[in-house]
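Notes follow the structure.
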Amino acid sequence: MKKTFFIIIVLCLFSIKPVFSQIGVNRNTFYKNSIFCELIGHSRSLLSVNYEKISNLYENVFFYTSRLGIGYTPGLKIKSEKHSGTISVPAVLSLLVGKKNSYAQLGVGYAASFGQDFVDSTSTPPSIYQKFESSYTISIGYRYMDSNGLVAQIYPLLQWTNNSSSKFNVGFGLSIGVAF
């Protein structure tokens, strides 16, 4: 699991470098793909790497995106017992509305998380961790995309899970990456 976490961190570091070779490109540049590193967010992971397909819906004002990623949350050590980490696979559809560099975004997503069954009785009420956990998310936030390929987004989100100890959660997402 440490190896998986290391690979995700390395991929994140490579995805945040803007495409400097495209400086000076017309402001109407339309990128069709992006790769970004996300902190928490739709994946429900501590860190995830995502690939996104961007499509122009109407006159460079409305866009829709679809993305798929992989995320990792390190395991826990509870009462000297080590529990393995969780791997998540998020899928998200988003609608973007805006001009130039700034966009409002609405996203809906699903994430499948794979971990280990155990109960953390050190918290009140006890936290239940499942081997497979699914979640549905909805977010409304802000996205910045510039003509050099830099992509950054921040958003609050609501989550519904199949976990009886936390059916409903409020969270946030923060990401940075590159469009090409």
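The values are calculated or read from the model by the stated rules, or taken from the named source; none is laboratory data. What you are looking at is a predicted structure, and each value in this text was computed from that prediction instead of being measured. Neighbour counts run over all protein chains shown; Cβ positions are idealised from the backbone, glycine included.
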Problem set entry | Hits in segment 68-100 - residues which are among the polar types (S, T, N, Q) and either loosely packed, with under 13 Cβ neighbours inside 10 Å or out of contact with any Phe, Trp or Tyr (no Cβ under 8 Å at 6 or more places or on another chain) (or both) | T73, S80, S84
Seminar exercise, completed: Within segment 74-88, the count of residues that are part of a strand (DSSP E or B) and free of Cβ contacts under 8 Å to residues at least 40 places away in the same chain comes to 3
Problem set entry | Members of segment 7-34 found to be at pLDDT below 50 and either closer than 15 Å to I154 by Cα or in a loop (DSSP other than H, G, I, E, B) (or both), listed by number | I16, K17, P18, V19, I23, G24, V25, N26, R27
Problem set entry | Residue ID - farthest from S66 (Cα to Cα), chosen from residues in segment 104-132 that are within 17 Å of the chain's Cα centre (by Cα) and in contact (Cβ under 8 Å) with a residue 40 or more places away in the chain | S113
Exercise. Of the residues that sit in segment 35-49 and are in a strand (DSSP E or B), out of contact with any Asp or Glu (no Cβ under 9 Å at 6 or more places or on another chain) and among the hydrophobic types (A, V, I, L, M, F, W, C), which one is farthest from T73 (Cα to Cα)?
Worked result: C37
Seminar exercise, completed: Per the filter on segment 75-115, residues of a type in the set (S, T, N, Q) and at pLDDT below 90 are S80, S84
Problem set entry | Criterion: of a type in the set (G, A, S) and within 30 Å of D117 (Cβ to Cβ) - qualifying residue of A104, A91 | A91
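State whether one or more residues within segment 141-159 are of a type in the set (S, T, Y), assigned to a strand (DSSP E or B), loosely packed, with under 14 Cβ neighbours inside 10 Å and modelled with pLDDT of 95 or more.
The answer is yes; a qualifying residue exists.
Just checking, which of V92, V97 is within 20 Å of S175 (Cβ to Cβ), assigned to a strand (DSSP E or B), β-branched (V, I, T) and touching a His at 6+ places or on another chain (Cβ under 8 Å)?
Values: V97 fails: touching a His at 6+ places or on another chain (Cβ under 8 Å).
Going through V92, V97 in turn, just one is within 20 Å of S175 (Cβ to Cβ), assigned to a strand (DSSP E or B), β-branched (V, I, T) and touching a His at 6+ places or on another chain (Cβ under 8 Å): V92.
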Exercise. For segment 58-67, which residues satisfy the criterion of being in contact (Cβ under 8 Å) with a residue 24 or more places away in the chain and either over 19 Å from L150 (Cβ atoms) or assigned to a loop (DSSP other than H, G, I, E, B) (or both)?
Worked result: N60, V61, F62, Y64, S66
Problem set entry | Positions within segment 100-135 being more than 24 Å from V151 (Cβ to Cβ) and part of a strand (DSSP E or B), in sequence order | A112, S113, F114, F118, V119, D120, S127, I128, Y129, F132, E133, S134
Exercise. Mind checking which residues of segment 149-180 are closer than 14 Å to S43 by Cα and small (G, A, S)?
Worked result: G171, G173, S175
